[in-house]
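The values are calculated or read from the model by the stated rules, or taken from the named source; none is laboratory data. Keep in mind that what you see is a predicted model, and the values were worked out from it rather than measured. Neighbour counts run over all protein chains shown; Cβ positions are idealised from the backbone, glycine included.
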Amino acid sequence: MWVKYYLAERNQYGEFHRLVGELRLNNGEDFREYFRVSRCQFDEILHRVGPRIKRINTRLRRCISPAERLAICLRHLATGDSYHSLSYRFRVGWSTVSLIVPEVAKAIWEELVNVYMPVPKESDWHEIAEQFLVNRDFPNCIGAIDGKHVRIVAPPNSGSLFFYYKGTFSIVLLAVVDTNLCFRIIDVGAYGRGSDGGTLRESAFGRALQEGTLGVPPDAIIPGAEDLGPLPHTFVGDEAFPLHRHLMRPYPGRNLCRRRRMFNYRMSRARMVVEQAFGVLAARFRIYHRVMWQHPHNVEVCVKATCVLHNLLRRDAPTRPYRPRENRAPNPPPSVVLPSVIRQGANNSTAEAVRVREAYTTYFSSEAGGVHRHDPVS
């Protein structure tokens, strides 16, 4: 026989034909935990990507169905299991698994990105800014930005390109996140040795931000701070990013005055959403807890697939209602405002960017810029 004996019995004993079928019929929660998507979501994804991953039967053998191909890919993303492990469980050759996973991941990204991660327009930026104002008390904020290192095995002859200073090899996922923890813009594939600021500068998003072609809304007056005049809409990032008219970063150092510590505190409240999004992403798709052994290009398509699947799951999940902007509480006292961790960068700021940050600092230190009183939400 030209095929291994146990592979020939895939339709009788393979995991897809036995366990997955039982999960689909008996328990929706177990199906969701197995694939990280519900039965309806699985069927929706299959409907969109099925025609792209479908193969035809030949006189020599029957092809692997699109549903089984999708199941193998989702299981790999959900658990991070190796190709050999998936090969034995689904009774598919490991070389076939190595072709299925990146092919299906690429199809997931290309078919779902325009639905669940479209390029934001000006109306979308306005909606994100309203969410940050209501939920995070940061006006004119249109997203939190940060980078996540995805661990990989060093490619042959790559030198130190992918070497991360923490002692691993990685590629970088740079993301802009809204208050619903959805990824609005991502850039994947930068070398792990670069800083977040350098990754931003070399990315398409960073170039569009510098050139003013991102569609950022025009400057707007903050309610209650008309004396400050129109202020630009900005992204928020940590100390690794440069200070830009449309990108705010905290004040560096520890011995800061109360006004600057207040600004750093409010920045932290807004920027926290991107850290939470990365945490949810890694908890849901366990490939981020393992070192990926694929080629960096295949790692890139897998990361993109998990991000768009994350958005699908977040937008189908119920969200908490907005809290009304009433019953403002005063800003927290200086004693609870923790100083930022020093992460100095080699980025020079323009006078305009410094002026914008000072204007936000003045607003957050005023009575009109106080934070919400956090009432319990049922």
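Before moving on, here are some points about what is shown:
Residue by residue, here is whether (1) among the charged types (D, E, K, R); (2) more than 18 Å from A270 (Cβ to Cβ); (3) in contact with a strand residue (DSSP E or B) (Cβ under 6 Å, 6 or more places away or on another chain) holds:
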residue	(1), (2), (3)
I108	no, yes, no
V113	no, yes, no
I145	no, no, yes
A154	no, yes, yes
F162	no, yes, yes
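- Test for D178: is it crowded, with 17+ Cβ neighbours inside 10 Å, touching a strand residue (DSSP E or B) at 6+ places or on another chain (Cβ under 7 Å) and on the phi > 0 side of the Ramachandran plot: no
- Filter result for the condition that a residue is touching a residue at least 12 places away in the same chain (Cβ under 8 Å), in the same structural domain as V280 (by TED's automatic domain parsing) and in a loop (DSSP other than H, G, I, E, B), over G189, G194: G194
- Some residue of segment 148-168 being of a type in the set (V, I, T) and under 19 Å from R245 (Cα atoms): no
- Any hit, segment 89-107, residues being of a type in the set (F, W, Y), under 22 Å from L313 (Cβ atoms) and part of a helix (DSSP H, G or I): no
- Taken over segment 251-279, the criterion of being touching a residue at least 60 places away in the same chain (Cβ under 8 Å), part of a helix (DSSP H, G or I) and farther than 16 Å from F138 by Cα is satisfied by R258, E275, Q276, A277, F278.
- Only one of the numbered conditions (1) among the basic types (K, R); (2) at pLDDT below 95; (3) in contact with a helix residue (DSSP H, G or I) (Cβ under 8 Å, 6 or more places away or on another chain) is violated by R59, and that is (3).
- For segment 197-217, filtering for residues that are crowded, with 19+ Cβ neighbours inside 10 Å, part of a loop (DSSP other than H, G, I, E, B) and in contact with a Pro (Cβ under 9 Å, 6 or more places away or on another chain) leaves 2.
- Looking across segment 139-155, the residues that are assigned to a loop (DSSP other than H, G, I, E, B) and either within 30 Å of G192 (Cβ to Cβ) or free of Cβ contacts under 8 Å to residues at least 24 places away in the same chain (or both) come down to V153, A154, P155.
- Lone unmet requirement of (1) assigned to a helix (DSSP H, G or I); (2) under 30 Å from D219 (Cα atoms) for E111: (2)
- Qualifying position, being at pLDDT 55 or above and over 28 Å from the mean Cα position of the chain (by Cα), among T350, T306: T350
- Residue satisfying all of: in segment 175-203; of a type in the set (A, V, I, L, M) and at pLDDT 95 or above; farthest from A154 (Cα to Cα) among these: L181
- Meets criteria (polar (S, T, N, Q), at pLDDT below 95, in a loop (DSSP other than H, G, I, E, B) and surrounded by fewer than 23 Cβ atoms within 10 Å (Cβ to Cβ)) for S158: yes
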